[in-house]
Each structure stands twice: as C-alpha cells, then as structure tokens.
Amino acid sequence: MKERISTDTTAERLSGSLERVTFHNEDSGFCVLRVKVSGQRELVTVTGCAASITPGEHLECTGSWHNDRTHGMQ
C-alpha cells in the first residue's frame, strides 16, 4: 500500500484480512479496501495503491489516518 501524505509524521502499522475491495482502478492501482483487523469490531477502510488485490489476502499496511469529510476515517 502506498502511504498517504499527512501533516502527522507518525506512521502506524495495521495488519488484517482483506474482506472487500470497494474500488480498484486498474490503470493507476488506486484502491479502497475494507479490512478485518484483530481487536476492531468494524471493518477498517484502507486506501492506497496495489497492482492486484484479492479478498482473503493478508495485508500489512503502514501509513497515517485521514478523516475524509465524505467517507470518514481511513
């Protein structure tokens, strides 16, 4: 996953199972994913870039949180 630029320089690690690919642009690789993370009740939204991605894969992500006005915490 590609990190999103943020004013917060503290990167967090997140790992979990990919439950759903909400959006994937094959040309740019940009994707919006829903991930099941241990210790979280709800699925977590992850955005970034990936050449190909399939539900059921285990993900290891590094980045920062962003609260999008329309789509919420990502």
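Numerical summary
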{"item": "Test: residue in segment 51-59 that is under 16 Å from R13 (Cβ atoms) and either touching a residue at least 40 places away in the same chain (Cβ under 8 Å) or among the aromatic types (F, W, Y) (or both)", "result": "yes"}
{"item": "Segment 18-61, residues that are surrounded by 12 or more Cβ atoms within 10 Å (Cβ to Cβ) and touching an Asp or Glu at 6+ places or on another chain (Cβ under 7 Å)", "result": "L18, R34, V35, K36, L43"}
{"item": "Options R41, R34; residue that is without any contact (Cβ under 8 Å) to a residue 40 or more places away in the chain and assigned to a strand (DSSP E or B)", "result": "R34"}
{"item": "Test: S64 is among the small types (G, A, S), surrounded by fewer than 16 Cβ atoms within 10 Å (Cβ to Cβ) and modelled with pLDDT of 90 or more", "result": "no"}
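The values are calculated or read from the model by the stated rules, or taken from the named source; none is laboratory data. Values in this document were obtained by computation on a predicted structure and should not be read as measured data. Note that we place each Cβ from the backbone using ideal geometry, even for glycine, and neighbour counts take in every protein chain shown.
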